[in-house]
1. Looking at the range 345-364, which of its residues are within 16 Å of the ligand (Cβ to nearest atom), loosely packed, with under 15 Cβ neighbours inside 10 Å and not aliphatic (A, V, I, L, M)?
2. I'd like the full set of residues that are surrounded by 14 or more Cβ atoms within 10 Å (Cβ to Cβ) and not β-branched (Val, Ile, Thr), limited to the range 10-25.
3. What is the number of the single condition among (1) under 17 Å from VAL280 (Cβ atoms); (2) away from the ligand (no atom under 14 Å from the Cβ) that VAL369 does not meet?
4. Do we find a residue being buried (at least 17 other Cβ atoms within 10 Å of the Cβ), out of contact with any Phe, Trp or Tyr (no Cβ under 6 Å at 6 or more places or on another chain) and not aromatic (Phe, Trp, Tyr) anywhere in the range 95-106?
5. How many residues are surrounded by 23 or more Cβ atoms within 10 Å (Cβ to Cβ) and without any contact (Cβ under 8 Å) to a residue 24 or more places away in the chain when one looks only at the range 178-207?
6. Among (1) at pLDDT below 90; (2) within 30 Å of GLU283 (Cβ to Cβ), where does TYR206 come up short?
7. Wholly within the range 1-114, which helices (runs of 4 or more DSSP H) include no fewer than the required count, namely at least 3 residues that are under 30 Å from VAL154 (Cβ atoms)?
Amino acid sequence: MKRYRYRAYPDGSQRRALTKVFGCVRVVFNDVIAVRQSSYRAGEPYPTAGELSKRLLTAAKKTPERAWLSEVSSVPLQQALLDADRAYRSFFNSMADKRRGKRAGIPRFRTRHGKQSARFTRNAGFGLEQSTHGVGFLTLPKIGRIRFVLSRPVPSEPSSVTVIQEIDGSYYVSFVVATPTPEPLAPVQRVAGVDVGLTDLAAITYSDGTRQKVPNPRWLRTKERELARAQRSLSRKQRGSKNREKARHRVAVLHRKVRETRADHHRKLALKLIRENQAVALEGLDVAGLARTRMGKSVNDAGWSTLARLIREKAAEHGREVIVISRWEPTSQLCSVCGVKDGRKPLHVRVWTCVFCGALLDRDFNAAVNIIVAAGLAEKLNACGGDVRRTLACADPDEAGTHRTGRENAVA
Ligand SMILES: [Zn+2]
């Protein structure tokens, strides 16, 4: 299953109808939590999903307090009930240590201040229209035909669609589509080693003797500075004031923009790497560990783990290989030309000369070559012939086919 998300622009009456659906979804979700809590206090067994549906939807709609639930499509309400049920199940599994990944907390009541969403399945009878000029329409029962920006086509019939309103007020539609059968790309000879860094997003060396540094885009830096400024301004505003509300909205908008632009940048890089290389070697990073050190902020910013995940996803989709090497591999201590290990170097050392073979090494490119070797792809480098390792790892740009993407960063 894969999600396709688009920015949507509901008109006034659609926005009012959506607000109503979001409200109903929230009430049903919260009703489940309330029922669960009260049966817990009473020492009774938890009602099943079927009982909850009868009690909180069918029966509730006949009471004056909940009669308005019948004014919206019943599908998103049913889905809210399932969501609450699922949230409890992951919580219990987490408690019993049966769940992998992040621990699930106890489900909480939802408020109208958070992110809002409503999911419509096929049963709801939603309609999707796609045009060739970047406009799409989603028709929802009792809401209407909502326009959205069709930035890429929805590849096949979606099984469900979720309408989302982010905290900053912007709307999105997110379609769930069965994953298209993987499309293996024609095999290529080249492999790549990727070293992710702080100065640059990544230093990449290729087995054909070319290399590149991908900078963190400058516009992202600019937006991040703007965001920091907006956050400072928010913290100075009086609680409960109109100005604070405005500042909060501004922070939320900037947050979203930074998130979106970064994700876009990562997606493009991941796709390019997978398209052009048969195998991609990466370093398994202890991102959680690094984030605790003083470099924390920049590490989180670069979103290394997201990039690695995207590369793995694209590889699976296109039949390419991703090799993740141990994070204990001393990639920045070895000379990739002669293999001598000459110890740790502080982070500010960007270039050094190997004491054994005299190669002048670029820290990041040297690490990227070592990553290829550690991934067991050394023969790909050898196949290239000549002194390819020296060409790839050297610090003198004139000696290598270096090219950089995006704007130039000052070479450290
Ligand atoms: Zn050496």
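1. Those that are within 16 Å of the ligand (Cβ to nearest atom), loosely packed, with under 15 Cβ neighbours inside 10 Å and not aliphatic (A, V, I, L, M): LYS345, THR353, PHE356, CYS357, GLY358.
2. Hits for the range 10-25 are PRO10, GLN14, ARG15, ALA17, LEU18, LYS20, PHE22, GLY23, CYS24.
3. Single failed check for VAL369: (2).
4. no
5. 0
6. Every listed condition holds for TYR206 apart from (1).
7. Numbers: elements: 12-41, 49-53, 74-95.
Hits in the range 1-114: 12-41, 74-95.
Yes or no, residue by residue, for (1) outside the structural domain of ILE372 (by TED's automatic domain parsing); (2) hydrophobic (A, V, I, L, M, F, W, C); (3) exposed (fewer than 15 other Cβ atoms within 10 Å of the Cβ):
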residue: LYS223; (1), (2), (3): yes, no, no
residue: LEU227; (1), (2), (3): yes, yes, no
residue: ALA230; (1), (2), (3): yes, yes, no
residue: SER235; (1), (2), (3): yes, no, yes
residue: SER241; (1), (2), (3): yes, no, yes
residue: ARG244; (1), (2), (3): yes, no, no
residue: ARG248; (1), (2), (3): yes, no, no
residue: ALA252; (1), (2), (3): yes, yes, no
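The values are calculated or read from the model by the stated rules, or taken from the named source; none is laboratory data. Keep in mind that what you see is a predicted model, and the values were worked out from it rather than measured. Methodologically, a virtual Cβ is constructed for each residue, glycine included, from the backbone with ideal geometry; neighbour enumeration extends over all protein chains shown.
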